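Asker: Here you go, one structure.
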Amino acid sequence: MVATILEKIDQEQRKDKNIPDFRVGDSVKVHVRIREGEKERIQVFSGTVIARDGKKGNETFTVRRISYGEGVERIFPIYSPNVDKIEIERSGDPRRAKLYYLRGRTGKKTKIKERAAKEASADSNA
């Protein structure tokens, strides 16, 4: 009984979001709503998805980028009202589920092999 009520609440919170099918290794642009006092603006955070965690309504993803020589990571809840939209820039094809090893690398060593165009278009159509 309690589980069904929780599932209904979870479905209601998730139903109005159009989330693209992105994976670990993809380069994404996350449009985040920033509230400053009474003003609200959209800020874009772009980087590589290094992890996805959780299930259903509690799912999060971690995005990493290098900014002024320092690694910056942010964790975003997928179904957060503060995440305006997610755009996929490039589809990566890593061989691991989590890309935490990128934290110790800089420059060209952080490149991830790109997924084949045929496979990437099949994923977006599905």
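Asker: Taking a threshold of 22 Å on the Cα-Cα distance, which of the pairs Lys85/Lys108; Lys8/Lys39; Lys85/Lys109; Lys56/Lys85 fall above it?
Answerer: Checking Cα-Cα distances, Lys85/Lys108; Lys8/Lys39; Lys85/Lys109 exceed 22 Å.
Asker: Expected output is a single nm value to one decimal: the length gained when fully extending between Ser67 and Lys109, i.e. 0.36 nm times separation in residues minus the C-alpha distance. What is it?
Answerer: Details: separation 42, 0.36 × 42 = 15.12 nm, distance 1.62 nm.
The Ser67-Lys109 span can extend by a further 13.5 nm.
Asker: How far, in degrees from 0 to 90, does helix 2-14 lean away from the longest principal axis of the Cα atoms of the chain, to the nearest 10?
Answerer: Helix 2-14 and the main axis of the chain meet at about 60 degrees.
Asker: Right, something else. Let me spell out the model: positive unit charges on the Cβ of Lys and Arg, negative unit charges on the Cβ of Asp and Glu, origin at the Cα centre of segment 2-114. What dipole size does that give, in debye rounded to 20?
Answerer: For segment 2-114, the charge dipole is close to 620 debye.
Asker: Another one. Hey, got the Cα dimensions of segment 14-54 along the principal axes, in Å, largest first?
Answerer: Sorted largest first, the three principal extents are 35, 26, 17 Å.
Asker: In the calculated pair distance distribution of the chain, what percentage of Cα-Cα distances lie above 25 Å?
Answerer: Tail of the P(r) past 25 Å holds 32 percent of the pairs.
Asker: Any idea which of Ala3, Leu99, Ser27 is furthest toward the positive side of the dipole for segment 2-114, if Lys and Arg beta-carbons carry +1 and Asp and Glu beta-carbons -1?
Answerer: The listed residue farthest towards the positive side: Leu99.
Asker: Calculate for the chain the 222 nm mean residue ellipticity that helices alone would give, adding -39,500 (n - 2.57) per DSSP H run of length 4 or more and normalising by residue count, nearest 500 deg cm²/dmol.
Answerer: When only DSSP H runs of four or more count, the value is -5500 deg cm²/dmol.
Asker: Measuring from label point to label point, each 7 Å out along Cα→Cβ, what is the Ala97 to Asn18 span in nm?
Answerer: 3.1 nm
Read the figures in this text as sums done on the coordinates, not as results from a lab. As the structure is a computational prediction, the values presented were derived from the model and not from experiment. Cβ: placed from backbone, ideal geometry, glycine included. Neighbour counts: every protein chain shown.
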